[in-house]
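Notes follow the structure.
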Amino acid sequence: MRPLPNTNDGSTALRLRPLNADRKSLYERTIEPLLAWLEDTYTGTLRWMLKYKAMILIVALLLFGSSLVLLKFIGTDFMPQTDESSITLNAELQTGTRVEETMKVARKIESFVFEEFPEIQILATSAGSDDEGSMFSLFQTSGSNVINMTMRLKNPDERAEDVWQVAARLREKIDVIPEIVVYDISTTSGFGGMTGNTVNVEIYGYNIDKTNLIAKNLADRFETIPGAVDVQISRKADKPELQVILDREKIAGHGLNTANVSSQIRNRVSGLTAAMFREEGSEFDIRIRLKEEYRNSITDLENISIVNQMGQRIKLKEIGEVVEYFSPPSIQHKKKERLVTVMVKPENVSLGELANSINASVSEVEVPDDVKIVVGGAFKDQQESFMDLGLLLLLSIVLVFIVMASQFESFIMPFVIMFSIPFAFSGVFYALILTNTTLSIIAGLGAVLLIGIVVKNGIVLIDYINLMRDRDNRLEDAIIMAGKSRLRPVLMTAFTTTLGMLPLALSSGEGSEIWSPMGISVIGGLLFSTLITLVLIPILYAMMAKTGQRDKTGRLRAKFTELE
Amino acid sequence: MQAVFIVFNQANTERVEYLLDLLEIRGYSWWSDVKGRGSVNGEPRMGTHTWPEMNSAVLTIIPSDKVDPLLEKVKKLDEINLDVGVRAFVWEVVKSY
């Protein structure tokens, strides 16, 4: 190097010297020795372990076995439940409760929500809404006895409790309100009916009374199951109605038919939109109907006059009678069968656990011959998806095996490599247990993803062992040489993938519950299986491979003995 | 006139070309892909999956006084990295046209 010119002042030169002299860079001083130490430690361990192959294999199998035992303690879910900062309350009072009474209860709930639930920011209430068929009733059950409340919570990071804790507190408060007959608190926003996290017990049977009884019986049993909340029966309580039963002969005699009688009753009771009133750009319906005092009792209704085509007025009681009647609000069908569903939500337990205890409870109930009980809902979807996922897993394992077998021209090599896959799953189970996450479809997805990633580590290692053996190194030497040389690439790929998944696993925003299980399972599986790959695969290779197996020239030359 | 046969790892290609130019050697014959292995040690160059590297070779007929400088340069080149490998062999040229 040329000396620094003298024109510069000396201090700069002095300060520059140490940097330019034989000082090593930070990387050379820290990372390089660390990696060298890692390589030495690893090869040392590998050499030691090659002496105790059988023992290492047994330890590994025990680790795998223990993870399978742990599997029993991991809850299963269909989809991870998410804190969407939204609670929907749907409460029903005694059928036939007047709107005013319903409103009173709604105000009571509102008042303690505002006082005791500072987490709740916005609250929308609809109580006792008219069941005459507004747009709203398409989406929600309505009726004079129904309260619907939608609550919007603060963002998850701005409150101490999660949405399920808030919902649990709300349940405690609502449990003690005597007016409320049934209620349901859901924590999914929007029209969450599609993705509801419930176990549904479907009761098929033609006889409404019979199935109602079984549904009630089951619902009572489910209430006592720990972790079961919001037990709901899909068939609502019968509603009182007034039925006008017409005598067909009599109405025919008066020149009337059921259609015009019913439209006339309707016009008088619920009103006829006669015209529009327009004022300053707004339009108002003008509805004409009887004054309330003339349509308030059965006698009033019977005294309604019906006009026939001749202009004669006929009292309703002359052509029929008005009777009180209890009707089921709706009859659901599935597979052409009448159906009642009992829906149960899990609280602080996983969907799988809840379904198991419900299954046990259902089997205790005696079922008549013409009634069939099926446990379904999100739990059924979960089971179906897990089955699909299992099939997917199997398929990808087969495909991976085929590719490797053709590339290695061997059936043993892929087998050795694929030994790391079960340990990837062990890693997934350990990670789920450690982070207290349930095994959901998303976590399962991570496990499927792992097959490809995990196998790659083995390929890198095995391919290099093969190369070293082809270069006439002894089996154990080849394994140790390959281990030393491939340690860095294996660690590199494992750590890059792990770090890449870290933000996914650690994220805590709204809805992060959906994807974080995937990050957790990939990280856990990858780290664990990488460790296993580095230890177990060389050992398995040593056990499976025979000395001289890859000596292709030697085998060929054995045929040329006549030349000697 | 003497013939100098230089066999070298293909990694040295540019350096060998530079050597020839440096010593103002114009004429040579060049084989791009040559398999081979050393008599004593070193990795074989076979162009296979096991031994993927390959050699090249150059044969040049030069005046006798240029031979020693060339061999000296080849030795220098070899010492940069003994694992890469370069060797030179010299023999007499009896006649030429």
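The values are calculated or read from the model by the stated rules, or taken from the named source; none is laboratory data. This one's a predicted model, so the numbers in the text were calculated from it and none came from an experiment. Here the Cβ positions follow ideal geometry from the backbone for every residue, glycine too, while neighbour counts run over all protein chains shown.
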Subset of region A:451-506 (residues that are away from chain B (no Cβ under 14 Å) and free of Cβ contacts under 8 Å to residues at least 12 places away in the same chain): A:D477, A:M492, A:F495, A:T496, A:L499, A:G500
Among residues of region A:513-547, those that are surrounded by 11 or more Cβ atoms within 10 Å (Cβ to Cβ) and within 20 Å of A:D470 (Cα to Cα), counted: 9
Qualifying positions in region B:12-40 - within 28 Å of B:Y97 (Cβ to Cβ), surrounded by 13 or more Cβ atoms within 10 Å (Cβ to Cβ) and touching a strand residue (DSSP E or B) at 6+ places or on another chain (Cβ under 6 Å): B:V16, B:I25, B:Y28, B:W30, B:V34
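Can B:D78 be described as closer than 30 Å to A:L467 by Cβ, free of Cβ contacts under 8 Å to residues at least 40 places away in the same chain, more than 14 Å from chain A (Cβ to nearest Cβ) and of a type in the set (D, E)?
Yes, satisfied.
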Selection from region B:11-44 of residues that are within 14 Å of chain A (Cβ to nearest Cβ) and without any contact (Cβ under 8 Å) to a residue 40 or more places away in the chain: B:R37, B:N41, B:P44
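Yes/no matrix, rows are residues, columns are (1) farther than 30 Å from A:I208 by Cβ; (2) in contact with a helix residue (DSSP H, G or I) (Cβ under 9 Å, 6 or more places away or on another chain); (3) modelled with pLDDT of 90 or more; (4) not hydrophobic (A, V, I, L, M, F, W, C):
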| position | (1), (2), (3), (4) |
| --- | --- |
| A:V374 | no, yes, no, no |
| A:Q383 | no, yes, no, yes |
| A:L389 | yes, yes, no, no |
| A:S396 | yes, yes, yes, yes |
| A:V403 | yes, yes, yes, no |
| A:F411 | yes, yes, no, no |
| A:F419 | yes, yes, no, no |
| A:N436 | yes, no, no, yes |
Tabulated pairs, region A:349-364, first on the phi < 0 side of the Ramachandran plot, second among the aromatic types (F, W, Y), C-beta under 7 angstrom, 6+ apart or interchain: A:L351/A:F78; A:L351/A:F379; A:A355/A:F379; A:I358/A:F222; A:S361/A:F222
Selection within region A:373-384 - in a helix (DSSP H, G or I) and touching a Gly at 6+ places or on another chain (Cβ under 8 Å): A:A378, A:F379, A:Q382
Pairs, first assigned by TED's automatic domain parsing to the domain that holds A:L487 in region A:513-540, second among the aromatic types (F, W, Y) and not in a helix (DSSP H, G or I), C-beta under 9 Å, six or more apart: A:I532/A:F419; A:T533/A:F419; A:L536/A:F419; A:I537/A:F419; A:L540/A:F419
Test set (1) surrounded by 15 or more Cβ atoms within 10 Å (Cβ to Cβ); (2) at pLDDT 85 or above - A:F277 fails condition number: (1)
Some residue of region B:55-73 being surrounded by 11 or more Cβ atoms within 10 Å (Cβ to Cβ), within 14 Å of chain A (Cβ to nearest Cβ), touching a Lys or Arg at 6+ places or on another chain (Cβ under 7 Å) and under 30 Å from A:A478 (Cα atoms): no
Residue match in region A:208-216 (condition: at pLDDT below 85, surrounded by fewer than 12 Cβ atoms within 10 Å (Cβ to Cβ) and not assigned by TED's automatic domain parsing to the domain that holds A:E318): yes
